[in-house]
Every structure is written in structure tokens, then in C-alpha cells.
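Here's the structure we're looking at; comments come further down.
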Amino acid sequence: MTRNSRRWATVAAAFLAAAPVLAGCGTGMDANTSRPYHATEAVTVRQNGIDVSQAFFLGPESGSQIAAGGAAPLYMSLVNSAQAPDQLVGVGVDPAVGTAKIPAPVELKPGQGVRIGTPTPTIVVDGLKQPLRGGESIKIQLQFANAGIIPVTVPVITRSREFATLAPASGGGQGATPSASPSVSPTEGATASPSPSPSTTE
């Protein structure tokens with residue numbers, strides 16, 4: 001087994017040891033479409049020097065669905081407020097939901113942020129076990145080289161209103177495969193403020 005294989009095996013083992021489940025009902029997805037989602041209302045998670053904000057999966061257009069077997073891209077902002085560089089090296093999701101794919105590590109320099117998903121989404125949950133209509137919540141685990149595993153509950157929003165121009169997963173989100181390199185852009189005006197002791201705020 002190569003060094004890289006051993007590292008990914010360790011990441012997989014860590015994920016399975018703390019396997020996340022989807023929020024809500026027994027099917028693994030909790031639909032709540034009673035009110036629109038706004039990125040400014042998104043959950044912010046601060047843990048081990050990493051800030052995760054404005055995280056969401058892009059779902060289908062309003063009134064439609066992403067069929068089982070399809071894919072939903074992940075959009076989010078990351079800020080590294082630690083003193084040392086870090087990397088996002090993996091994304092875990094309950095196998096009952098689908099398969100999370102990250103094409104390559106995402107570099108996080110100290111005091112800087114990146115926006116994942118623009119201009120082209122690359123991190124996706126593929127091979128969905130159930131259709132997505134928007135309004136569901138999916139629990140994921142972000143694996144960082146230094147910060148470790150950070151759990152985040154991510155809403156699925158419809159591709160409408162201010163999100164209508166965002167790109168779905170390649171091929172319209174139907175069984176898509178991400179491109180060869182991660183799509184990140186500097187978070188505009190991102191600054192790293194001192195993080196409190198490791199905690200998760202929802």
C-alpha cells in the first residue's frame with residue numbers, strides 16, 4: 001500500500017468511526033421547504049481554527065428534482081484563522097445518502113479564505129440514493145490535514161432566485177463527476193478573526 005493509500009485509508013476509517021447521519025426522518029433526508037434559504041442565514045461552524053460558512057448543496061430548479069443516481073454540488077466559504085496553513089483533504093457523507101467526491105486537496109493559507117463551488121463546482125455528493133427536491137439537510141464531515149474532522153449540517157437549496165445562475169454539477173447534476181482540480185476562489189474581504197475554543201455553532 002502506498003503512502004497516499006494509507007493516508008486515505010486513515011481518513012476513511014476516521015469517517016466511518018463517526019459516520020454522520022442525515023437530519024430528520026428514517027429515509028435520511030429532512031425536507032423543510034416552507035421558507036426560502038438565504039446564504040447569509042447559513043450555519044457558521046468554527047472549530048480548530050477553521051471557519052465554515054455559507055455552505056449549501058445546490059438542488060434542482062423549483063418544482064423539479066435531482067433524480068436518484070444524480071449529483072448535488074457543494075458551495076461554501078472556508079477561512080483559516082489558524083497560524084499555520086491547512087488543507088481540506090476529504091469530504092465524508094453517510095453511504096445511505098451517496099458518495100462524496102473531492103478531486104484534490106484545497107489549500108488554506110493562514111488568515112485567508114476561499115470560496116468553493118465557483119465558478120465551476122467540483123465537490124459533489126454523487127450517486128444519490130434518493131431524489132432531492134430542495135429543503136433537505138445533509139450532514140457531512142470535512143476532513144482537514146491539521147484541523148481534523150469538522151461536522152457540518154448543510155441545507156439543500158433550489159436553483160432559483162439569487163441561486164438561479166449558479167452552475168449545477170457537470171451534466172446538470174445527473175450522475176456527474178467533478179473536474180480534475182478543485183474550484184476555489186479567494187473569499188472577498190475575508191479576514192481571519194481569532195477563533196474561540198473549539199466549538200460548533202448551529
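Note on Lys139: lysines with a C-alpha under 24 Å away, same-chain residues under 8 apart excluded, are Lys101, Lys129. Scalar couplings 3J(HN,Hα) for the stretch 109-115, obtained by applying the Karplus form with A = 6.51, B = -1.76, C = 1.60 to θ = phi - 60°, are 7, x, x, 10, x, 9, 10 Hz; x denotes Gly and Pro. Arranged from fewest to most other beta-carbon atoms within 10 Å of their beta carbon, Ser64, Ser53 become Ser64, Ser53. The calculated FRET efficiency for Ala67 paired with Thr165, based on their beta-carbon distance and R0 = 30 Å, is about 0.85.
Taking a ≥ b ≥ c as the square roots of the Cα gyration tensor eigenvalues, with a/c under 1.5 meaning rounded and otherwise prolate when a/b beats b/c, else oblate, which class fits the stretch 41-167?
Values: a/c = 2.09, a/b = 1.65, b/c = 1.26.
Prolate is the answer for the stretch 41-167, as a/c is 1.5 or above and a/b outweighs b/c.
By how many nm would the segment from Gln87 to Ala104 lengthen if fully extended, with 0.36 nm per residue of separation less the alpha-carbon distance?
On the way: separation 17, 0.36 × 17 = 6.12 nm, distance 0.98 nm.
The span from Gln87 to Ala104 would gain 5.1 nm if fully extended.
Can you tell me which of 125-132, 68-75 comes out highest on packing, and rank the rest after it, using the mean Cβ neighbours within 10 Å?
Result, highest mean first: 68-75, 125-132.
Taking amide H as placed 1.01 Å from N in the peptide plane, the amide H of Val154 sits under 5 Å from that of Ile138, Lys139, Ile140, each at least 5 places away or on another chain.
Bear in mind that the values in this text are calculations on the coordinates, not laboratory data. Please read all numbers here as calculations on a predicted model, not as lab measurements. Positions of Cβ are generated from backbone atoms using ideal geometry, with glycine treated the same way; all protein chains shown enter the neighbour counts.
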